[in-house]
Amino acid sequence: MSEPKRMHPIAAVVNTARQIKEMIVPFVAFFVFGSKGTDWDLYYWFGSIGILILFLLSGIVSWYRFNYRIQENELRIEYGLFVKRKRYIPFERIQSIDYSEGILQRLFGLVKVKVETAGSAGTGDSEAVLTAISKEEAANIQNMLLAAKKGGEKDGQEKRECDEKDIFYKMSGAELVLLASTSGGPGVIISGVLAFVFQFEEFIPYERVFKGFSDFAENGIVFIATAIFAVFVLAWAAAVAGTFLKYAGFTVRKEGKDLVITRGMLEKRQFTIPLHRIQAVRISENLIRQPFGLASAYVESAGGSVRNEGSSKVLILPVVKKHRIPDLLTPYLEGYEFDPAITGVPKRAFARFILKGWMFIAPLAVLAIVFFMPWGFLSILLFPVSAFWSWLVYRDTGWSLDGGVLTLRYRGISRNTVFMDKRKVQSLNRKESPFQKKRRLSTIGAIVKSGEAGSGGKVTNLEKTDADKIYSWFSREALEQQGAGNTEA
Amino acid sequence: MIFEPQTRISRRALTVWKISGTINSFIFLLIGAGAVVALIMIYHWPVWIIPAFLALCLAYGYFFIFLFPELRWKRWRYEVREQEVELQHGVFIVKRTLVPMIRVQHVDTRQGPLLRKYRLATVAVSTAATVHEIPALDMAEAEQLRVFISRLARVAEEDV
């Protein structure tokens, strides 16, 4: 496959559609607010049609100028209208591969392939996208990739067979519903609905409507309550439906040395990440899920950019009972200890967590008391609430060292447990403020590459000797004097 | 107890920081003076805010020209070992960072006009996800360090 190839012509249509989607807001604004029922309307019509044709032309031209080939173990693409660009991606530098089939692609039996590399920060794109190629082509590329990885072995064909036995997680229908109902989705949709309703404030005189209603509603509070409840139920149903379409058939399996994730109903996606490219594993328990013992797991990949976070933080277990995670992941992600013995922070650190919370609350409370005289005093209630939150944060902060893996647990809003392989950690830091120093406490932070920037974990107010332990564990050269003895070469 | 890194940055860094602190304070003075004049002329604030403001300026100047640069210089330490770079810095909060050589992607040196005048340069060590700076090293030393680090980083060739 060394001769340059074009993509399927549908790519031109997809490109055009994407451009229109990106420009839809200014375009509609131009068209709708531009026309005022005068003679100028005609020009606006022509202008709009002209712009559409331009989009289509540029879509076609960019398809025409785009070609790709596979040569010397590199994926080589060439594109560009005026400035000819070439991008050569060596196979061994590929961080992840993302196959997706949108509706347009499915109609024609095509597939979109996105290849991610660990691009340096700032350049913005670290990927090669083949918008629409035939499935045989895609399979071809994948086989060549596999063959190259196996070091010249030709038989990439058999790999498609070994599917079933390597599936290590398949989401059940119950879990799908659970996922939809406990994600942030419903909240987002409700606020969306509210925002939408209040958009029409200018046109619908709510006040008058409500006044008319009020007589009716006097004995009809139930009616309003029901209406509100109905809106919530609708929003929830919409969220469930959305999640259902997105995550239906969610499967994770191991193919050779790759992790392959498949999901989606209307738009099918398949995401491939080589196991040795995984930078860190993150288990996240949000506020709704944690009380039910539910959690989700992500792997962090060096591929992906700011624009699509989806390919740098890859969901591998959308929602499962937490105690199942070690069984599910340990056989596939080697070296990680998913049931670590977490060491917490010392009791004397608790005061620092509380103070940190109160430092945020205090100015708010003062302002509230000054400006809203009698009721402002209610803000004092914030202090115990904040203290309770601090207690949660305090209780959930901890660390563990298991061989080559550092585990940090901390709470932002959700509780996160991050597992980081020493070899993947980009840098490790230790912080001490004078107050911490007095109480012999330290903060430890570790950064792994995730997408364009870093990600990782930070735990505050660890026992100082514990921080020393982690610090010297990470150091390649024995810098501790009292010989903690767990520094590896 | 873990030993802290030993190498200090150039003493001339202190001079540079004091100069930039002076410029900084001067700008603060100008903007603040403008605001004070406006408050008194337009909003008829009491005149005693002038001495209050001057006191504030003095404190600001003291902190940014004398105290902070001194503390900062005293704290700044680094060490470049065969397999890692270690940094320590911070005025109040002391931060220590370990960067393994195998994670170093590239090393830059940089200097602005002020640093150039004092024959200083900043060395920036980049990993795939982070950038770590050692500010205000002697130019020759910075150049040496850059070559040294990039040579060590090259030996430890390993992918992300």
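The values are calculated or read from the model by the stated rules, or taken from the named source; none is laboratory data. In this text the structure is predicted, and so the values were computed from the model without any measurement. As a convention, Cβ positions derive from the backbone with ideal geometry for all residues, glycine included, and neighbour counts pool all protein chains shown.
Here are the numbers for this structure:
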quantity	calculated
Test: residue in the range A:342-352 that is within 14 Å of another protein chain (Cβ to nearest Cβ) and touching a strand residue (DSSP E or B) at 6+ places or on another chain (Cβ under 6 Å)	yes
All positions within the range A:394-431 that are surrounded by 19 or more Cβ atoms within 10 Å (Cβ to Cβ), of a type in the set (V, I, T) and farther than 22 Å from A:H323 by Cβ	A:V425
Count - residues of the range A:82-119 that are within 14 Å of chain B (Cβ to nearest Cβ), under 20 Å from the mean Cα position of the chain (by Cα) and part of a strand (DSSP E or B)	5
Strands (runs of 3 or more DSSP E) fully within the range A:372-486 counting 1 or more residues that are within 14 Å of chain B (Cβ to nearest Cβ) and under 24 Å from A:L294 (Cβ atoms)	A:415-421, A:441-450, A:453-463
Residue that is nearest to A:K5 (Cα to Cα), among those in the range A:102-123 that are surrounded by 12 or more Cβ atoms within 10 Å (Cβ to Cβ) and modelled with pLDDT under 75	A:G119
Residue count, the range A:29-81 (criterion: outside any helix (DSSP H, G or I) and either within 30 Å of A:E127 (Cβ to Cβ) or at pLDDT 85 or above (or both))	16
Enumeration of residues in the range A:322-341 that are more than 21 Å from A:D166 (Cα to Cα) and of a type in the set (K, R)	A:K322
Residues located in the range B:1-56, provided they are within 30 Å of B:Q111 (Cβ to Cβ) and free of Cβ contacts under 8 Å to residues at least 12 places away in the same chain	B:I23, B:F26, B:I27, B:L30, B:I31
Residue satisfying condition, being in contact (Cβ under 8 Å) with a residue 40 or more places away in the chain and not aromatic (F, W, Y), within set A:R85, A:R69, A:R93, A:R65	A:R69
Matching residues, the range A:263-293, being in contact with a helix residue (DSSP H, G or I) (Cβ under 9 Å, 6 or more places away or on another chain), more than 17 Å from A:E116 (Cβ to Cβ) and small (G, A, S)	A:G264, A:G293
Count - residues of the range A:346-399 that are β-branched (V, I, T) and closer than 23 Å to A:Y410 by Cβ	5
Any hit, the range B:123-132, residues being surrounded by fewer than 19 Cβ atoms within 10 Å (Cβ to Cβ) and in contact with a Gly (Cβ under 9 Å, 6 or more places away or on another chain)	no
Residue check for B:V104: buried (at least 20 other Cβ atoms within 10 Å of the Cβ) and assigned by TED's automatic domain parsing to the domain that holds B:R146	yes
Lone unmet requirement of (1) at pLDDT 80 or above; (2) in a helix (DSSP H, G or I) for A:T131	(2)
Within the range B:1-33, considering residues that are within 14 Å of chain A (Cβ to nearest Cβ) and part of a loop (DSSP other than H, G, I, E, B), the one farthest from the chain's Cα centre (by Cα)	B:M1
Helices (runs of 4 or more DSSP H) contained entirely in the range B:40-121, each with at least 1 residues that are within 14 Å of chain A (Cβ to nearest Cβ), at pLDDT 90 or above and within 25 Å of B:N24 (Cβ to Cβ)	B:68-75
Pair list, Cβ under 8 Å, 6 or more apart: the range A:267-296 residue closer than 19 Å to A:P326 by Cα, other residue part of a loop (DSSP other than H, G, I, E, B) and among the β-branched types (V, I, T)	A:Q279/B:V160; A:N286/A:I413
Top-ranked residue of the range B:4-34 - restricted to ones that are aliphatic (A, V, I, L, M) and surrounded by 15 or more Cβ atoms within 10 Å (Cβ to Cβ), ranked as farthest from B:I134 (Cα to Cα)	B:L29
The lone exception for A:W389 - which of (1) in contact with a Gly (Cβ under 7 Å, 6 or more places away or on another chain); (2) closer than 17 Å to A:I342 by Cβ; (3) of a type outside the set (S, T, N, Q) it fails	(2)
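Conditions tested, residue by residue: (1) in contact with a strand residue (DSSP E or B) (Cβ under 6 Å, 6 or more places away or on another chain); (2) farther than 16 Å from A:T443 by Cβ.
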site: A:P374; (1), (2): no, yes
site: A:L382; (1), (2): no, yes
site: A:S390; (1), (2): no, no
site: A:V393; (1), (2): yes, no
site: A:L408; (1), (2): yes, no
site: A:R411; (1), (2): no, no
